[in-house]
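The values are calculated or read from the model by the stated rules, or taken from the named source; none is laboratory data. What you are looking at is a predicted structure, and each value in this text was computed from that prediction instead of being measured. A quick note on method: Cβ atoms are made from the backbone with ideal geometry, for glycine too, and the neighbour counts reach across all protein chains shown.
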Amino acid sequence: MGIHSSREKLCSLTEAVSRIENGSIVAVGGNLSAREPMAIIREMIRQGKRDMHSIGGAHGVDIDLLCAGGVLKKVQNSYVGFEADFGLAPNYRRMVQEKKVIPLDTDCVAVLVQLRASVFGLPFMPMKLVSGTDILKLHPEYVTMSCPYTGEKVTLVPAVRPDWAIIHAHKSDPRGNVKLYPPYFADLLAVEASKNSIISVEEIVSEEEMNEIGATIPYYEVTAVVELPYGAHPTSCYPDYTYDRVHLSEYVSLGNRGEEVFKNEYLGKFVYGVKDHEEYLELVGGEKRLGELKKWNESDETWQRLLKEEVSAG
Amino acid sequence: MTVAGIEYYTIDELMAVCMARTIKDGDTIFNGVAVPLPFTAIMLAFKTHAPNAVFWGGLLAGLNPDPPFLPPTSGDSVMLHGANPVLHLHQIFDLAMRGELDRIFFSGAQIDKFGNLNNTLIGSEDNIKIKLPGGAGSSHIGCFAGNFTIWSVRHEARISKKGDKVYTLVDSVDFITTLGHRTNMMTRDEMNLSGGGPDRVITNLGTFDFDPETKVMRLKTLHPGVSVEDIKANTGFEPVVDNRVSETPPPTREEVAIIRKLDPMETRKSGFSKEALEKKYDF
């Protein structure tokens, strides 16, 4: 991490995202359908960010949208897709097949070890021997050596120090002490390993309240904090809201209809068609729809109903 | 568990039971991504013969969860229900590297005769015809987990748009995302890997282990109504078939009752063909 000792971290979304340079290595927070920094991602696309390189584990709509919006050139993730829920990631898949995005498929374990090397300030880390897979062909930088003490063969992976971690969390105070509720995924590691971080949060709270509840991420690891309620939409941000399966089903179905349709009917509407996050929230149904997503904890039946919803045909 | 109303079982339930039986009591178990059927199997084992299993419920890293239902996406927080403590993701992988993960479940868009799995791409690195999502943690965990169970709900031959026969169980995968027992060049043992590799394969047609000499998949049991000829017609290589092939033991009514209670959303049925799901089997 870099040390960000300022005690004034509050920032607008536009200002925070404008600091990210083209060509950066970016660690995206959250995981699969959960707590991905989607409002930050939409702003990155609006600002025309280019040539970026993502590093991370198992992700979904975040990486897919960053590809569709022209932000990512290289994807070094272990998984990008929608699991049994909606299957393949439509834009990522298409752009890789059209050679517009370079897939540097890796493995969850490698990513975590590489981020930890950065946390420890080391140029590389050894890990338990891996061998025999074609993932290693994509990563000639992963090398095997013998341990100088025991002779055991180990695999070395280089440190990865992302330029930016982008995370969506629950609460922050103005100095950037951040409260994250479980599941953490690899977010704490991503922030600690990165030079800079932008954290969007559901709510800014006072220093007094943060002292009361206790912070999860220390303020000196945080470059900028932006208050963006529902900033993970359409992914979930438990315990506040579940994922918007109606929106995601529409997303995947538009993505599966090809570049032009997705550009006009998704990007044109939900990314370029709104000037800020507030307009986006209105467009996706406002408080009425978003309030529905908060009802997951009313009963197990309501929760299951929300996880089954789909956009109606036609 | 009452078994009233449990009149039949379906293929997803049979597979979940076969997969659960690969877990021993006390095993440490993890599963990460795209996992409705493994979650069902693991939770079933936990509630029947393996109450002392140590289970991390997906990438949320909640220990020994007791969810009211199983989710369509494994990132969902229902997998934290009843879980305590919630760990950091790297702790699971560290444990696996230490050699303390006994079993994990992996599937593959392609699975070859040595148990190599492809979840990365169809085609070649220079000419990617279909970009698959990726292997998540299976590439490295496959090298050092005690063993892994391979599963496939699409053990079948399909006809491609070009009219070719396309298999899930292929002679050779286009890309090795997860190493089985050997590449064309070397065996797992010759590589000095710490993990034991795949020991069981559970599909919608039957179950397999691996021939100890050749490391080729060996037919062990046939699901009800499936013949050796059906297996051969739906497999892109010649599996080892000897005189010890038997019928897959059916689930008990109690196991099926537990499965249906565990998974009211029926996420476990995802990926199967419609015809496969329509078949009802008598106990």
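Tabulated data for the structure shown
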{"item": "Residue B:184 being polar (S, T, N, Q) and at pLDDT below 95", "result": "yes"}
{"item": "Wholly enclosed helices (runs of 4 or more DSSP H) of region A:243-314 bearing at least 3 residues within 14 Å of chain B (Cβ to nearest Cβ) and hydrophobic (A, V, I, L, M, F, W, C)", "result": "A:245-255"}
{"item": "Matching residues, region A:252-297, being hydroxyl-bearing (Ser, Thr, Tyr) and either crowded, with 16+ Cβ neighbours inside 10 Å or more than 22 Å from residue A:12 (Cβ to Cβ) (or both)", "result": "A:253, A:266, A:280"}
{"item": "Residue count, region A:168-188 (criterion: in a strand (DSSP E or B) and within 14 Å of chain B (Cβ to nearest Cβ))", "result": "2"}
{"item": "Conditions (1) at the interface with chain A (Cβ under 10 Å from one of its Cβ atoms); (2) of a type outside the set (D, E, K, R); (3) surrounded by fewer than 20 Cβ atoms within 10 Å (Cβ to Cβ): number failed by residue B:95", "result": "(1)"}
{"item": "Number of positions in region B:56-80 that are within 7 Å of another protein chain (Cβ to nearest Cβ), part of a loop (DSSP other than H, G, I, E, B) and farther than 18 Å from residue B:268 by Cα", "result": "1"}
{"item": "Filtered residues of region B:153-194 (kept if acidic (Asp, Glu), more than 20 Å from residue B:273 (Cβ to Cβ) and surrounded by fewer than 19 Cβ atoms within 10 Å (Cβ to Cβ))", "result": "B:171, B:189, B:190"}
{"item": "Counted residues, region A:230-247 - those being touching a Lys or Arg at 6+ places or on another chain (Cβ under 7 Å), buried (at least 24 other Cβ atoms within 10 Å of the Cβ) and of a type in the set (Asp, Glu)", "result": "0"}
{"item": "Filter result for residue B:203 (touching a Leu at 6+ places or on another chain (Cβ under 7 Å) and either surrounded by 18 or more Cβ atoms within 10 Å (Cβ to Cβ) or under 13 Å from residue B:114 (Cβ atoms) (or both))", "result": "no"}
{"item": "Any hit, region A:189-199, residues being among the aliphatic types (A, V, I, L, M), out of contact with any strand residue (DSSP E or B) (no Cβ under 6 Å at 6 or more places or on another chain) and within 14 Å of chain B (Cβ to nearest Cβ)", "result": "yes"}
{"item": "Among residues of region B:146-180, those that are assigned to a loop (DSSP other than H, G, I, E, B) and of a type in the set (Ser, Thr, Tyr), counted", "result": "4"}
{"item": "Hits in region A:153-167 (condition: part of a strand (DSSP E or B), closer than 28 Å to residue B:87 by Cβ and without any contact (Cβ under 8 Å) to a residue 60 or more places away in the chain)", "result": "A:154, A:155, A:156, A:157, A:158"}
{"item": "Count of residues meeting criterion [among the charged types (D, E, K, R), over 19 Å from residue B:94 (Cα atoms) and facing chain B (nearest Cβ under 9 Å)] in region A:88-144", "result": "6"}
{"item": "Residue B:197 being within 14 Å of chain A (Cβ to nearest Cβ) and either under 14 Å from residue B:112 (Cβ atoms) or in contact with a strand residue (DSSP E or B) (Cβ under 6 Å, 6 or more places away or on another chain) (or both)", "result": "yes"}
{"item": "Residue identified as assigned to a strand (DSSP E or B) and either surrounded by fewer than 24 Cβ atoms within 10 Å (Cβ to Cβ) or in contact with a strand residue (DSSP E or B) (Cβ under 9 Å, 6 or more places away or on another chain) (or both) among A:150, A:144, A:133", "result": "A:144"}
{"item": "Filter result for residue A:73 (surrounded by fewer than 21 Cβ atoms within 10 Å (Cβ to Cβ) and assigned to a loop (DSSP other than H, G, I, E, B))", "result": "no"}
